[in-house]
Amino acid sequence: IAQRLAQPINKLLPPSATEAQKLQLQLMHAGFRAKEGPIIFRAIHLASMAGFPLMVAGVCAVLGRPLQSAVVWIMLAFVLGFALPRFVLKRITTNRQRDIRWGLADALDLMVVSVEAGLGLNAAMMKVSTELKDVHPAIATEFELANLEIRVGRERDEALRNLAERTGVDDLRSLVAMLIQTDKFGTSIAKGLRVFSDSLRTKRRQRAEQEAQKAAVKLLLPLACFLFPTLF
């Protein structure tokens, strides 16, 4: 339905090439890889920008509110309709990148075991996508897509770069750069993966410690608002 509604809207208000490419990349980071994704998102965005003010205007008309107060609520509804789709897309992207970041350490451990057991890099990536499909579906899907690109004839370097570009995760970009350099210079892939896995575990522990240190600051507001008035 959104795609059918988006076609006339897209003809009336066509996006620029830069805007469409940027939106396609944002949707790809959120896990939406469909070709018509940017068109559907623009239709949802424009529908929310127009639908929320119309809904508020209808409610104000039914309640008999004066025009001056209705204009303020209509403007607020327009701002909400403009910001809500982008906020939801950003939240989906953040959650997906967090899942990929946390699942990457387990994927690297499995890759190290697979490569040291004698499998090649492509077979190790396929092993990761098969074994982690239930535990970390996001990282398993991305590894499976990269392996499929290599199978259809794309160069391994290009497929790995596309993997990093699709996710937008810095740790995965570093892993891809390490794998490309290892493949180019002919060094041991298993040794490079093991060193990178150890450094990634250290980063993961540091992130957990950082979040734990933030907890004391985040507790100040609920303590001041809820606990202290009760005690007083």
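Other residues within the sphere of radius under 12 Å centred on the Cβ of VAL115, judged by their own Cβ, net out at +1 (K and R +1, D and E -1).
When the solvent-accessible area of the chain is split by element, carbon and sulfur atoms take up 64 percent of it, the probe being 1.4 Å.
Within the range 148-230, the GluC sites (Glu not before Pro) that combine a DSSP coil assignment with at most 15 other C-beta atoms in a 10 angstrom radius are GLU155. Taking each residue as 0.36 nm, the span from SER188 to LEU227 lengthens on full extension beyond its C-alpha to C-alpha distance by 8.3 nm. Taking 1.002 mPa s as the viscosity and 20 °C as the temperature, the Stokes-Einstein diffusion coefficient of the range 91-225 based on its alpha-carbon Kirkwood radius rounds to 134 µm²/s. With contacts taken as Cα pairs under 8 Å and at least 6 residues apart, the chain reaches a relative contact order of 16 percent. For the chain, hydrophobic long helices are taken as DSSP H runs at least 20 Å long by C-alpha position along their axis with mean Kyte-Doolittle hydropathy of 1.0 or more; these are 37-63.
Accessible area per residue for the chain in Å², computed with a 1.4 Å probe and the full protein assembly in place, what is it?
On the way: 14730 Å² over 232 residues.
That works out to 64 Å² for each residue.
Counting only lysines at least 8 places from LYS214 when in the same chain, those with an alpha carbon closer than 29 Å to its own are LYS90, LYS203.
Shown here is the pair-distance distribution of the range 31-156: with all Cα-Cα distances grouped in 10 Å bins from zero up to the longest one, the shares run 12, 26, 21, 16, 12, 9, 4, 1 percent.
The values are calculated or read from the model by the stated rules, or taken from the named source; none is laboratory data. Keep in mind that this is a model prediction, so the values were computed, not measured. We place every Cβ from the backbone using ideal geometry, glycine too, and count neighbours over all the protein chains shown. The protein model used for the area step is the full one, side chains on, heavy atoms only, and it has no ligands, DNA or RNA in it. Shrake-Rupley method; radii C 1.70, N 1.55, O 1.52, S 1.80 Å.
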